[in-house]
Amino acid sequence: MSSEYYKKKFQDVRPDAPYEMTRWEAFCNWWTYHWVTVLVVSLIVAFFVFLAVEFFTRERPDYKIAYVGTNPLVVDVKILEPQLEELGEDLNGDGEVAVQIRTYLVDRETSHFSSEMIPFVGDVETGNSTIFILEDPDWFLENYAVTSEEDTYWWSECPALSHIDLYGDYAIALRSTEDMTDDYKIDLSLWQAMTKDAG
């Protein structure tokens, strides 16, 4: 009778045939080690797709106007914008005239560096808006040297705007041309149309 030692020593030690995984098992095995990489790459791709869609579909207005006052305009800006678009020209060649009005509600007693004033001050400093609709033109001219009295008119003095009732006394002012960025020096056709025969 052979000993257990010899049985183990001379046993068949040939390896089993390699196991062939099914496609599903191979995928599950791969997924176990790579799911984090797939997730990170998917998030990066989604982010860049979002940026591309945002860039190519974002409306680029031909004219940017800022309303500055302590109270909102009575007239909805979405109603006012199309009326002003009738006076402008298509500057960016997209086939449409687009006017964008941003509303900045300011507190005249608040510091220029308060959080409520930052968007407005940023617009003033960067030259984003070329035309201002002003509730209090004297306060604006005194505090922000981006317009001049010569380029400030009362809304009611402008024949081209007489059909648009803002239900109050408002002024319009043009940003000084030396303070404009190159993009906005190109065409002042809307301002010229708004202020034609004003005075």
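Annotations
- Amide H partners (placed H, <5 Å) of Thr103, local residues excluded: Tyr67
- Relative intensity, log₁₀ I(q)/I(0), of segment 63-194 from a Debye sum that treats every alpha carbon as a point, q = 0.10, 0.19, 0.22 Å⁻¹: -0.30, -1.16, -1.56
A short reminder: the numbers here are calculations on the coordinates, not readings from a lab. A quick note: this is a predicted structure, and the numbers were derived from the prediction, not measured.
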